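Notes follow the structure.
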Amino acid sequence: MTWPSTSPLRIAVVGSGPAGVYACESLLNWADENEQEIVIDQFDALPVPFGLLRHGVAPDHPRIKGIANTLYAIGADPRIRFLGNVEFGTDIVLEDLRRHYHAAIFATGALADRSMRIPGEDLVGSHGAAEFVTWYDGHPDVDPEWDLSAERAAVVGVGNVALDVARMLVRTAEQLEATDIPEHVREGFHGTSAEVVSVIGRRGPAWAKFTTLELREMGKVEGLTVVVDPADLDDDEFSREHRESDRRAGQVFAQLEKWAAAMTENGHSSPDEAEESALAAGQKVLRFRFNRSPVEILGEDGRVVGLRLERTAPDGERLQMTGETEDLAVDAVYRAVGYRSAALADIPFDDATATIPNSAGRVLDSPGGEPIPGLFTAGWIKRGPSGVIGTNRSCAAETVRELLSDLEDGRLTAPESPDPQSVRDLLAERGVEAVDGRAWEAIDARERGLGEAGGRERTKLANREAMLAEGRSARTRS
Ligand code: NAP
């Protein structure tokens, strides 16, 4: 097809998290700059938009709200039609997208937990970070019950998700009072018992993936003492060079060093002593333990009772096991060892990296293979689960550049059925109750109303049926 064309460009974006919304933003910017008509249908399996921004960001991180407002504003553009509660692969399939759109962008993110591949992961009390995060963030598809009775917990991994999980474990219901967590989660936090949370790094502190701001924040949590063993800070020359040349790694190390120094300054001769003293003073304890690799989650009667760790030796970037083990008595283990994307029906998937094979966002038929015309990808399913929310903006912009270059070069095919109503009809025929923008506005208004009643900005709904009911009532009112 030749471009410009007299009919609008029709794009399907599958996924309405940050990457999907930023892809819409890039497309709209192009349309504005080139005075082109564009229509974007944004599908999401959930009845509500914003993906990980809504169901992945910790509720005690209100500074993310600025980003939320930007995404809300982009999503409100009338050229974007939100179609929530529509699952790609069942409610709508690849063949449908080919028939109704010039191109499709897959931005479905990553919300499954990677496995540590050690025995005991299936014990009661062993959790993936994503399971906990989606619970406290009110994801409608997760069990509303969460057992917060563990007094001692281990969080495996030294990235920002581990910090979110550890911080939320030591939070009290009062500290979460002003947040947007759903009512059942608020209730759940009244039963929280965590006293000591250990964060486990399999390598030395120079290789921790925390960002500085997120790590420093742990020192500001009310009622929490952070304990770092000075002995854990020993490292080798390669690690030292790394933290000296990498600003973030250097700042993270310096913060850990401060906590280690505080232990000595406070007159404690060991981290155990520092922990006991903090507990005796009515504090909760966050304890970092580095150079320890989990080898088994220990259980009794099907429940977690401990975590077996093998000491590792500082050896630059490499993980060198020593054979020396120690058992940490814990009632719960949370693995925050990275997320994993799920494969999408009829879309190539590289199982090794859990991403869609792509070249700068153009979907390839296999890793290193040929581009499939009209199919694109953005965000974590494109590049893997790394980077902050803003990283998805440049990632999505790159994808959209490739899409527009294909458009200009005539590599996109005009859809057989471009009428926007035909997609609504198709979903209705299949009995899919799509949540459109108006229905989402009704859900949003309901959440703000619930929040206002409790003196908060918002209280999230977390039940799919309740969300759909709000949407239905909006349709009835109009
Ligand atoms: P991450 O930063 O990649 O950290 C994963 C951690 O798990 C690493 O410390 C890794 O250690 C460890 N790990 C992996 N496999 C392991 C195993 N088998 N045993 C023990 N440890 C293991 O991933 P993430 O924490 O899931 O975060 C994902 C992305 O989201 C990151 O870019 C993060 O910054 C971002 N995020 C940002 C915020 C925020 O800005 N507030 C909040 C949450 C997440 P090795 O290094 O040794 O592999």
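Read the figures in this text as sums done on the coordinates, not as results from a lab. All of these numbers come straight from a predicted model, not from anything done at the bench. Because the Cβ atoms are built from the backbone with ideal geometry, glycine has one as well, and the counts that use them run over all protein chains shown.
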Filter region 161-174 down to residues that are of a type in the set (A, V, I, L, M) and closer than 16 Å to Ala129 by Cα and give me whichever is nearest to the ligand (Cβ to nearest atom).
-> Val161
Trp146 versus (1) farther than 25 Å from Ile389 by Cα; (2) crowded, with 19+ Cβ neighbours inside 10 Å; (3) away from the ligand (no atom under 16 Å from the Cβ): which is the lone unmet condition?
-> (2)
Those residues of region 445-460 which are touching a residue at least 60 places away in the same chain (Cβ under 8 Å), farther than 18 Å from Pro47 by Cα and of a type in the set (D, E, K, R), in sequence order = Arg456, Glu457
Test: Ala129 is of a type in the set (A, V, I, L, M), over 25 Å from Glu457 (Cβ atoms) and in contact with a Leu (Cβ under 9 Å, 6 or more places away or on another chain) = no
Would you tally the residues in region 321-354 being assigned to a strand (DSSP E or B) and within 14 Å of the ligand (Cβ to nearest atom)?
-> 7
Is it true that Ala104 is within 13 Å of the ligand (Cβ to nearest atom) and either part of a helix (DSSP H, G or I) or surrounded by 19 or more Cβ atoms within 10 Å (Cβ to Cβ) (or both)?
-> no
Just one listed residue, out of Thr312, Thr322, is of a type outside the set (A, V, I, L, M, F, W, C) and loosely packed, with under 14 Cβ neighbours inside 10 Å, and it is Thr322
Return yes when Thr212 is among the hydroxyl-bearing types (Ser, Thr, Tyr), closer than 27 Å to Ile297 by Cα and touching a helix residue (DSSP H, G or I) at 6+ places or on another chain (Cβ under 7 Å) and no when it is not.
-> no
Can we say Glu121 is within 26 Å of Ala343 (Cβ to Cβ), free of Cβ contacts under 8 Å to residues at least 24 places away in the same chain and within 16 Å of the ligand (Cβ to nearest atom)?
-> no
In region 32-57, which residues are touching a residue at least 60 places away in the same chain (Cβ under 8 Å), more than 19 Å from the chain's Cα centre (by Cα) and either more than 16 Å from Tyr72 (Cα to Cα) or within 16 Å of the ligand (Cβ to nearest atom) (or both)?
-> Val39
Return yes when Asp60 is touching a residue at least 24 places away in the same chain (Cβ under 8 Å), closer than 23 Å to Thr413 by Cα, among the acidic types (Asp, Glu) and touching a helix residue (DSSP H, G or I) at 6+ places or on another chain (Cβ under 7 Å) and no when it is not.
-> no
Which one is nearest to Tyr136 (Cα to Cα) among residues in region 175-233 that are among the aliphatic types (A, V, I, L, M), free of Cβ contacts under 8 Å to residues at least 60 places away in the same chain and more than 16 Å from the ligand (Cβ to nearest atom)?
-> Leu233
Among helices (runs of 4 or more DSSP H) entirely within region 364-478, at least 3 residues that are within 16 Å of the ligand (Cβ to nearest atom) and not hydrophobic (A, V, I, L, M, F, W, C) occur in 391-408
Taking the residues in region 75-87 that are among the hydrophobic types (A, V, I, L, M, F, W, C) and surrounded by 18 or more Cβ atoms within 10 Å (Cβ to Cβ) as candidates, determine which candidate is farthest from the chain's Cα centre (by Cα).
-> Ile80
